[in-house]
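Below is one structure, written out as structure tokens; the observations come after it.
The values are calculated or read from the model by the stated rules, or taken from the named source; none is laboratory data. Note that the coordinates shown come from a computational prediction; the quantities given were computed from them, not determined experimentally. Positions of Cβ are generated from backbone atoms using ideal geometry, with glycine treated the same way; all protein chains shown enter the neighbour counts.
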């Protein structure tokens, strides 16, 4: 199928025409801000809608049009698709044509970048790295020496390293990070700062090392990302799509246990960023009087009081004035925040959902869930975008429900589940 293209000059003539929609077919790495090889600038053309061609195999055909329309595509307008890789743009264009969309390919994106035309990116795009980027780091000695001389890769899970079935297959050179090193029951709040310091140093982590995290589920790596930034580690990153993204590309894995060398000096006080954590219900109640908005990242059934979400959490409900901030199907996932290929959704899509819930960039926000894991993903999204007034309420519903004197949300508020606009299965 021969695809129609749009010339460089004509592209600029229609760039601001409301009858055209600009579509970026690249993955998160490049859309968010990383530069392509041998290119000095990264990011996307301002106002471009991201529709990653890698999503196509994961979208159920009967859901395609609704999913695409929810992204902002429109059959009544002309879609202009661009990518550094013309084959990717063309593949997406062919699929969209089959579903009745009108499509043009813009084959001059590299020229656009080199001509110093405007590009948009997220301020902290480097927090989220692709499997390709990580593989490059692990295999390219020049890249490693120039940019990340002292980095550590951690496979995040729960339980002792020696007993972990999860760690028996992992990315080469990855060390093990036990979430018990930073939290404990029954509330599952953070341990004392000194205990966290000791555990980090025992596993080679200092303030000045680059730390890269991944896990076999959606949640664990983001929980540790939050903790390490709270502690004061300057450069922390998460593998976008986690271990599944690595496996899907067929990259090498190993089964041997890697033991880090201990360190003696973290390099600064812990926590360096205490404002990233709100620990107790009492802190939340006080800050709500100062304008704090409390955002729930529990499943809808948890939010409306149908389930507590956990076998060990007895009571159902939500804290007073909690706003639903989207989540997943249950306590094990945050599916509203992930794209069809298992990578994070575009932050701007999440922000649009939040805005409809009354959640704004300049608000003072605290995210919570059952015990703080799911909330870390919502908080991560804000950090990618450089939002400054956000925290995780670590005690979450578990701490709140332990005290029957604490006020609860009125169950009659918002009885209809908001649409996450992410239905592709």
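What to note about this one:
- Segment 29-47: number of residues that are within 19 Å of the chain's Cα centre (by Cα), at negative phi and in a loop (DSSP other than H, G, I, E, B): 1
- In the set 342, 328, 309, 370, only one residue is assigned to a loop (DSSP other than H, G, I, E, B) and over 25 Å from residue 424 (Cβ atoms); that residue is 370.
- Matching option when the condition is touching a helix residue (DSSP H, G or I) at 6+ places or on another chain (Cβ under 8 Å), assigned by the TED database to the domain that holds residue 353 and under 24 Å from residue 386 (Cα atoms), among 287, 219, 294: 294
- When segment 97-108 is limited to residues that are in contact with a strand residue (DSSP E or B) (Cβ under 6 Å, 6 or more places away or on another chain) and in contact (Cβ under 8 Å) with a residue 40 or more places away in the chain, the one that is surrounded by the most Cβ atoms within 10 Å (Cβ to Cβ) turns out to be 106.
- Meets criteria (assigned to a loop (DSSP other than H, G, I, E, B), within 25 Å of residue 381 (Cα to Cα), under 21 Å from the mean Cα position of the chain (by Cα) and touching a residue at least 60 places away in the same chain (Cβ under 8 Å)) for residue 298: yes
- Any hit, segment 247-265, residues being closer than 18 Å to residue 391 by Cα and under 22 Å from the mean Cα position of the chain (by Cα): no
- A single entry from 61, 46 fulfils the requirement of being within 25 Å of residue 342 (Cα to Cα), at pLDDT 95 or above and in contact with a strand residue (DSSP E or B) (Cβ under 8 Å, 6 or more places away or on another chain): 46.
- Which listed residue, of 247, 191, is surrounded by fewer than 20 Cβ atoms within 10 Å (Cβ to Cβ), touching a strand residue (DSSP E or B) at 6+ places or on another chain (Cβ under 7 Å) and without any contact (Cβ under 8 Å) to a residue 24 or more places away in the chain: 191
- Qualifying residue in segment 388-398 (condition: over 20 Å from residue 285 (Cα atoms) and either assigned to a loop (DSSP other than H, G, I, E, B) or in contact (Cβ under 8 Å) with a residue 60 or more places away in the chain (or both)): yes
- Filtered residue count, segment 317-353, keeping only those that are touching a residue at least 40 places away in the same chain (Cβ under 8 Å) and more than 19 Å from residue 242 (Cα to Cα): 11
- Residues that are surrounded by fewer than 21 Cβ atoms within 10 Å (Cβ to Cβ), in a helix (DSSP H, G or I) and in contact with a strand residue (DSSP E or B) (Cβ under 9 Å, 6 or more places away or on another chain), drawn from segment 12-28: 14
- Filter result (closer than 30 Å to residue 25 by Cβ, buried (at least 19 other Cβ atoms within 10 Å of the Cβ) and either outside the structural domain of residue 375 (by the TED database) or more than 13 Å from the chain's Cα centre (by Cα) (or both)) within segment 304-340: 325, 326, 328, 340
- Cβ pairs under 7 Å, 6+ apart, first in segment 163-182 and on the phi > 0 side of the Ramachandran plot, second outside any strand (DSSP E or B): 173/138; 173/258
So that you can scan it fast, the table gives a plain yes or no per residue for (1) closer than 22 Å to residue 185 by Cβ; (2) touching a strand residue (DSSP E or B) at 6+ places or on another chain (Cβ under 6 Å):
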site	(1), (2)
278	yes, yes
285	no, no
289	no, no
293	no, yes
302	yes, no
305	no, no
308	yes, no
316	yes, no
